[in-house]
Amino acid sequence: MENITKNFKYVNYLWDDKKVDSLGDNQVDLFLYRSNILGADLRITNYGGGNTSCKTIETDPLTNEEVEVMWVKGSGGDIGTLTRSGIAGLYTKRLRDLKNVYQGLHDEDRMVGLFNHCIYDLDSKAPSIDTPLHGLLPFAHIDHLHPDALIAVAAAKDSEKVTKEIWGDTMGWVPWQRPGFDLGLQLEKCLNDNPGIRGIVLGSHGLFTWGDTSYECYMNSLEVIEMASDYIEKKIKKQGSVFGGQKVESLPKEERLEKAAQLMPLLRGLCSSENRMIGHFSDTDVVMEYINSNDLERLAPMGTSCPDHFLRTKIQPLVLGLDKNENLSDSNAILKKLKPAFE
């Protein structure tokens, strides 16, 4: 990868050479470090989303021979807080040999069970469904991420065309399909058909990038995200607005917080009818730009554009039909207005 730069506008460069020096040449520790700093920026991947990996040469305890082992985030983990106990170590060759017994899309569930027969490290976390996506690619370090900018590209109606506009022949593209062994085969085929690419966009899903070292992989991921972000910003400037432009004027900050303090206990009560819930309030600029827009009522029912986001935000937001000048002092009257939306 050429033209490596540390100057990024849209993502945070968090690589700390002093920290890395303290890790030495332990590739697993370097992979965990890369994972943690990628996961520290939620623009790069949502909490619990994405997975990362590295491949090392280890000694087989049964044969005393050198074998390649793939270390990958285990099922249910979060790369931002990933530790050694949260990863799985598998024999790479055994994982690839599963191609010999794979019977097609109807066989996906059985294949997940067979991952356990590929385990090298007996302290491994359960391998996730994305394991073959890493194992069938040859690279030493791999990132599978869901950056906001890449989701915008991946979920676009003309995603493949946009991918080509941004990266030319340096990025591959595969259409959406359910994660599993066959998707790993599709990534392998994409790379074989396009040797020399720096990554692959997964339609309506996310991003795969890689490198020979943990640092090269990290930089490749950031650069690809940066290019997508720059493309989107230029498109926004050209059309002059996002979400159809502004429809509603926000209340002053203090008034917003005051009304939120009145509403949140009511909303929490309605949301906690079956399970106790804790509310979180956000009025960041990007949130306000969306909810004040002309396109809010059209876009909200469409739901999230990436399946991984369902884990945290559920399928679609609930838009409450309250006027910003609504009198919130009568909680019973407000509850009467809100209840139908929760039924």
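The values are calculated or read from the model by the stated rules, or taken from the named source; none is laboratory data. Model, not experiment: these values are computed from the prediction. Glycine also receives a Cβ, built like all others from the backbone with ideal geometry; neighbour counts cover every protein chain displayed.
Can you tell me which of (1) assigned to a helix (DSSP H, G or I); (2) in contact with a His (Cβ under 9 Å, 6 or more places away or on another chain); (3) polar (S, T, N, Q) is the one T209 doesn't meet?
For T209, the failing item is (1).
Which residues, taken from segment 81-97, are small (G, A, S) and either touching a Phe, Trp or Tyr at 6+ places or on another chain (Cβ under 7 Å) or part of a strand (DSSP E or B) (or both)? Give the derivation first.
The initial filter retains those residues of segment 81-97 that are small (G, A, S), namely 85-86, 88-89.
Across segment 81-97, the qualifying residues are A88, G89.
Give the residue that is farthest from E297 (Cα to Cα), with candidates limited to residues of segment 221-256 that are more than 30 Å from the chain's Cα centre (by Cα) and free of Cβ contacts under 8 Å to residues at least 12 places away in the same chain. Show your work before the answer.
Step one: list which residues in segment 221-256 are more than 30 Å from the chain's Cα centre (by Cα), which gives 247-256.
After this cut, where a residue has to be free of Cβ contacts under 8 Å to residues at least 12 places away in the same chain as well, the list is 252, 254-255.
Values: P252: 23, E254: 26, E255: 24 Å.
Restricting to residues being more than 30 Å from the chain's Cα centre (by Cα) and free of Cβ contacts under 8 Å to residues at least 12 places away in the same chain, the top hit is E254.
Criterion first (under 30 Å from D283 (Cβ atoms), modelled with pLDDT of 95 or more, over 16 Å from the mean Cα position of the chain (by Cα) and not in a loop (DSSP other than H, G, I, E, B)) does Y215 satisfy it?
On the way: under 30 Å from D283 (Cβ atoms): no; modelled with pLDDT of 95 or more: yes; over 16 Å from the mean Cα position of the chain (by Cα): yes; not in a loop (DSSP other than H, G, I, E, B): yes.
Considered against the rule, which asks whether it is under 30 Å from D283 (Cβ atoms), modelled with pLDDT of 95 or more, over 16 Å from the mean Cα position of the chain (by Cα) and not in a loop (DSSP other than H, G, I, E, B), Y215 comes out as no.
Find the residue count for segment 8-25, including only residues that are farther than 15 Å from N36 by Cα and either surrounded by fewer than 11 Cβ atoms within 10 Å (Cβ to Cβ) or assigned by TED's automatic domain parsing to the domain that holds E226 (or both). Please lay out each step first, then the result.
From segment 8-25, those farther than 15 Å from N36 by Cα are 8-10, 18, 21-22, 24-25; that's our starting set.
If we keep only those that are either surrounded by fewer than 11 Cβ atoms within 10 Å (Cβ to Cβ) or assigned by TED's automatic domain parsing to the domain that holds E226 (or both) too, we end up with 9, 18, 21-22, 24-25.
Total satisfying the criteria: 6.
Within the set of pairs 6 or more residues apart or between chains, which connect a residue that is of a type in the set (A, V, I, L, M) inside segment 48-66 to a residue that is assigned to a strand (DSSP E or B) with Cβ atoms less than 9 Å apart?
Pairs that qualify, where the first residue is of a type in the set (A, V, I, L, M) and the partner is assigned to a strand (DSSP E or B), are I57/E66; I57/V67; I57/E68; I57/V69.
In segment 87-131, how many residues are touching a residue at least 12 places away in the same chain (Cβ under 8 Å), surrounded by fewer than 13 Cβ atoms within 10 Å (Cβ to Cβ) and among the hydrophobic types (A, V, I, L, M, F, W, C)?
2
Checking the conditions here, which among H134, H144 is in a helix (DSSP H, G or I) and surrounded by 21 or more Cβ atoms within 10 Å (Cβ to Cβ)? Working first, answer last.
Working: H144 fails: in a helix (DSSP H, G or I).
The match here is H134.
Pairs, please: C-beta under 6 Å, at least 6 apart or cross-chain, first residue assigned by TED's automatic domain parsing to the domain that holds R198 and in segment 162-177, second surrounded by 15 or more Cβ atoms within 10 Å (Cβ to Cβ) and polar (S, T, N, Q)?
Short answer, once both residue conditions are applied: M171/T163; W173/T163; V174/Q186; W176/S204.
Any residue at all in segment 314-328 that is of a type in the set (A, V, I, L, M, F, W, C), closer than 17 Å to H205 by Cα and either touching a helix residue (DSSP H, G or I) at 6+ places or on another chain (Cβ under 8 Å) or outside the structural domain of L207 (by TED's automatic domain parsing) (or both)? Before you say what the answer is, go through the steps one by one.
Of the residues in segment 314-328, the ones of a type in the set (A, V, I, L, M, F, W, C) are 315, 318-320, 322, 328.
Narrowing further to those that are closer than 17 Å to H205 by Cα: 315.
Filter once more, so that each one left must be either touching a helix residue (DSSP H, G or I) at 6+ places or on another chain (Cβ under 8 Å) or outside the structural domain of L207 (by TED's automatic domain parsing) (or both): 315.
Within segment 314-328, one or more residues are of a type in the set (A, V, I, L, M, F, W, C), closer than 17 Å to H205 by Cα and either touching a helix residue (DSSP H, G or I) at 6+ places or on another chain (Cβ under 8 Å) or outside the structural domain of L207 (by TED's automatic domain parsing) (or both).
Step by step: first the residues of segment 218-256, then only those that are at pLDDT below 95 and among the small types (G, A, S), then the one that is nearest to N325 (Cα to Cα). Which residue is that?
S250
Scan segment 148-173 residue by residue and report those that are modelled with pLDDT of 95 or more, outside any helix (DSSP H, G or I) and either surrounded by fewer than 18 Cβ atoms within 10 Å (Cβ to Cβ) or of a type outside the set (A, V, I, L, M, F, W, C) (or both).
Passing the criteria: D158, G172.
List every residue pair whose Cβ atoms sit under 8 Å apart, with the two residues 6 or more apart in sequence or on different chains, where the first one lies in segment 311-337 and is more than 16 Å from K259 (Cβ to Cβ) and the second, anywhere, is among the polar types (S, T, N, Q).
L311/N46; R312/N46; T313/T304; I315/T304; Q316/T304
May I ask you to verify whether L183 is under 19 Å from the mean Cα position of the chain (by Cα) and free of Cβ contacts under 8 Å to residues at least 60 places away in the same chain? Break it down into steps so the answer makes sense when it comes.
Working: under 19 Å from the mean Cα position of the chain (by Cα): yes; free of Cβ contacts under 8 Å to residues at least 60 places away in the same chain: yes.
So L183 passes the test.
Sort out which residues of segment 25-46 are among the charged types (D, E, K, R) and either within 17 Å of the chain's Cα centre (by Cα) or assigned to a helix (DSSP H, G or I) (or both), and write them in order of number.
Here is the first cut: in segment 25-46, the ones among the charged types (D, E, K, R) are 25, 29, 34, 41, 43.
Once the filter is applied, which keeps residues that are among the charged types (D, E, K, R) and either within 17 Å of the chain's Cα centre (by Cα) or assigned to a helix (DSSP H, G or I) (or both), segment 25-46 yields D29, R34, D41, R43.
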